[in-house]
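Notes follow once the structure below has been shown.
Values quoted throughout were computed directly from the atomic coordinates according to the rules given, and no laboratory measurement underlies them. Nothing here was measured: the structure is a model prediction, and the numbers come from that model. Cβ placement follows ideal geometry from the backbone for every residue including glycine, while neighbour counts extend to all protein chains displayed.
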């Protein structure tokens, strides 16, 4: 099982968003520490009732910069909201980033969910799955075929050609829950993501069962779709005073052996790639995670 790290991009718990140098150093530490991938999430604004507004850095800009300062790790989006960018342009951006990174991009896509950021930035929130379906069609056809001629209710790609074409088939990951999104995933995606979890639990099992039904309905071999899972790894003793401590119940934590056991449990449950949201996202916490990853690999190899 591959193991990756989500880059910290956002303001959180009253703390400012990390600067570029911090993000770069953490990514390079993850690569040196043996992790397989680094990931960025796509939000414009977090606006919750009774709380101050918070926001992250724009992820595609950060990911392009990370492509230039890393050499081995895969570069993923978990996930890029198709509503925030023209789909044909998104395909062109993906092809360019894959070129910069020498073929390391995993293009994760989703429909978005946080209505306040849609409203604040002027994006429509209605028909999210229908809009995603059309956008996904354009992105997929351009990246896989190099050409798309599409006219839908929400998007148009009029005899659109992607040049230069990517040098390889860029993997497409979809974060999906509902029946229609799962149907699209089962028919067209290379990978599927469920998040966020600690140890495998009944909620994850239920989501896997929904996916299996969608795959069966599509007549697709389940082994042809890679399953990825978003995990929270949390070290409360490293948190700053006053930081929030209750995002994911029973988040993974503990010694290297305990982390290894948690990772092993997800591998046994069928995950091919674990994507870790690290709390706190600091060099000290990453060192602990890397020790757990190293121990997991020692056990797997024995």
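Compute the Cα gyration tensor for the stretch 142-198, then decide on rounded, prolate or oblate, letting a ≥ b ≥ c be the square roots of its eigenvalues: rounded whenever a/c is under 1.5, prolate when a/b is larger than b/c in the other cases, and oblate in all that remain. Numbers along the way, then the final one.
Numbers: a/c = 3.09, a/b = 1.58, b/c = 1.96.
Oblate, because a/c is 1.5 or more while a/b does not exceed b/c.
Roughly how many Å is it from the Cα centre of the stretch 125-172 to that of the stretch 179-251, as a whole number?
Here the answer is 25 Å between Cα centres.
Got the relative contact order for the chain handy, in percent, Cα pairs under 8 Å and 6 or more residues apart?
That works out to 18 percent.
Using square roots of five times the C-alpha gyration tensor eigenvalues, list the equivalent-ellipsoid semi-axes of the stretch 193-302 in whole Å, biggest first.
Values: eigenvalues 158, 58, 20 Å².
The equivalent ellipsoid of the stretch 193-302 has semi-axes of 28, 17, 10 Å.
Provide the three semi-axes, in whole Å and in decreasing order, of the ellipsoid equivalent to the stretch 2-301 as defined by the square roots of 5 times the Cα gyration tensor eigenvalues.
Values: eigenvalues 177, 99, 81 Å².
Sorted largest first and rounded, they come to 30, 22, 20 Å.
How do 190, 257 line up, fewest other C-beta atoms within 10 Å first?
On the way: 190 16, 257 13.
Taking fewest neighbouring Cβ atoms as first place, the list is 257, 190.
Using just the helices of the chain, give the 222 nm mean residue ellipticity in deg cm²/dmol: DSSP H runs with n ≥ 4 each add -39,500 (n - 2.57), and the total is spread over all residues, rounded to 500.
Working: 9 runs with 122 residues, N = 302.
Per the formula, -13000 deg cm²/dmol.
Give the shape of the stretch 166-210 as rounded, prolate or oblate, defined through the alpha-carbon gyration tensor: a ≥ b ≥ c are the square roots of its eigenvalues, a/c under 1.5 means rounded, and otherwise the shape is prolate if a/b is larger than b/c and oblate if not. Each step should come with its number before you reach the end.
Numbers: a/c = 3.43, a/b = 1.72, b/c = 2.00.
Oblate.
Antiparallel DSSP bridges in the stretch 2-301: what percent, to the nearest 5? If you can, show how the numbers build up before the last one.
Numbers: 7 of 41 bridges.
Taking every DSSP beta bridge within the stretch 2-301, about 15 percent pair in antiparallel fashion.
Considering the Cα positions of the stretch 185-255, please state its Rg to one decimal place and its Dmax as a whole number of Å.
16.0, 52
Quick one: give the max-minus-min coordinate of the C-alpha atoms of the stretch 247-294 along each principal axis, largest first, in Å.
29, 25, 17
Taking the number of other C-beta atoms within 10 Å as the exposure measure, put 192, 60, 113, 39 in order starting with the fewest. Walk me through the numbers before you get to the answer.
Values: 192 24, 60 18, 113 13, 39 27.
Ranked by crowding around the Cβ, least crowded first: 113, 60, 192, 39.
Order of 142, 35 from fewest to most other C-beta atoms within 10 Å? Working shown, then result.
Working: 142 26, 35 22.
Going from least to most buried by this count: 35, 142.
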